[in-house]
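**Student:** I have a structure I would like to understand better, so I am pasting it below and will then ask my questions one at a time.
We did not get these values from a lab; they are worked out from the coordinates using the rules stated. Computed from a predicted structure; not experimentally measured. We place every Cβ from the backbone using ideal geometry, glycine too, and count neighbours over all the protein chains shown.
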Amino acid sequence: MMQDKSEVMVECTIVDYSESMLTGMMQLFYDTVHVVCARDYNDKQLERWAPHVPDIVSWKQRLNNNLCKVAFINEVLVGFAELTEDAHVDTLYVHKDYQRQGIARELYNELLHLAINHQMEQLTTEASITAKPFFESRGFTVTHIKTRLYNGKEFINYEMQKQLS
C-alpha cells in the first residue's frame, strides 16, 4: 500500500483495553468527534454522536464485550479501536492532536490480526463521512449508503466490508 505523503509515522504502543483507561478514552472520543469530524457534520449532529456527558455504563459494557485495543505514545492515550465477535470494526478513533501519524493504521492492523487469528472471513464497518477514505485505503468497499438515525439526528454513513479469505 502506498503511504500518504502527508502522514508522519510515529511509534506507538498498543495494549489491550482495561477499564482504568475509560475516562481518557471518553475524552479522546469527544474531542476527536468534535474537532476532526466537524468538517463533515454540524454541531447538533456532533453533540448527538458524542455528547459532553457520555453513557459510561453503555461504553463499559460494549468495551468489555468486544476486542478493544488502545494506543499510547509516551503514556499519552492517542487512540482506540474495537472489533466485535461478528467481525465488525465498531470504533476506531485517534486523538485530535495525533492525526495522520499512522496510529489509525496501527490500530487497524491489530484488529486485522485479531480477525485473522479468530478465522473471521470478512470485516465490516459503518464508516462516517470522515472515516470512509481511511477504510477504502485498507481495501474496504461500500456495500450500502444509508441515512442513520442516531440519538434523534440523521447521519449519512457507509456500510463497508472487506473480504479476508
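**Student:** By the scheme Lys and Arg +1, Asp and Glu -1, what is the net charge of all other residues having a beta-carbon under 12 Å from that of N64?
**Tutor:** -1
**Student:** Only Cα pairs within less than 10 Å get springs; with that Gaussian network setup on the chain, which residue of V36, V94, V57 has the largest fluctuation?
**Tutor:** Of the options given, V57 has the highest mean-square fluctuation.
**Student:** Search the structure for amide H atoms under 5 Å from the amide H of L77, placed 1.01 Å from N in the peptide plane, and list their residues when 5 or more places away or on another chain.
**Tutor:** Those lying under 5 Å, H to H, from L77: there are none.
**Student:** Further question on the same structure: Any idea what the relative contact order of the chain is, in percent, if you count C-alpha pairs under 8 Å spaced at least 6 apart?
**Tutor:** Relative contact order comes out at 22 percent.
**Student:** Using the Karplus equation 6.51 cos²θ - 1.76 cosθ + 1.60 (θ = phi - 60°), what ³J(HN,Hα) coupling, rounded to whole Hz, does each residue of region 72-78 give in order, writing x for Gly and Pro?
**Tutor:** Listing the rounded values in order: 10, 10, 6, 6, 9, 5, 10 Hz.
**Student:** If the chain between K146 and Q119 were fully stretched, how many nm would it gain, using 0.36 nm times the residue separation less the Cα-Cα distance?
**Tutor:** Working it through step by step, the gained length comes to 6.9 nm.
**Student:** Total Lys pairs in the chain closer than 27 Å by alpha-carbon, pairs eight or more apart in sequence or interchain only?
**Tutor:** For the chain, the number of qualifying lysine pairs is 24.
**Student:** Right, another one. Can you compute the charge dipole magnitude of the chain about its Cα centre, using +1 on each Lys and Arg Cβ and -1 on each Asp and Glu Cβ, nothing else charged? Give it in debye, rounded to the nearest 20.
**Tutor:** Using only the charged Cβ atoms, the result is roughly 420 debye.
**Student:** Just from its helices, what would the mean residue ellipticity at 222 nm be for the chain, if runs of 4 or more DSSP H residues each count -39500 (n - 2.57) and the sum is divided by every residue, rounded to the nearest 500 deg cm²/dmol?
**Tutor:** -9500 deg cm²/dmol
**Student:** While we're looking at this one, here's another question. Assuming a viscosity of 1.306 mPa s and a temperature of 10 °C, what translational diffusion coefficient in µm² per second does Stokes-Einstein assign to region 13-120, Rh being the Kirkwood radius over Cα pairs?
**Tutor:** 111
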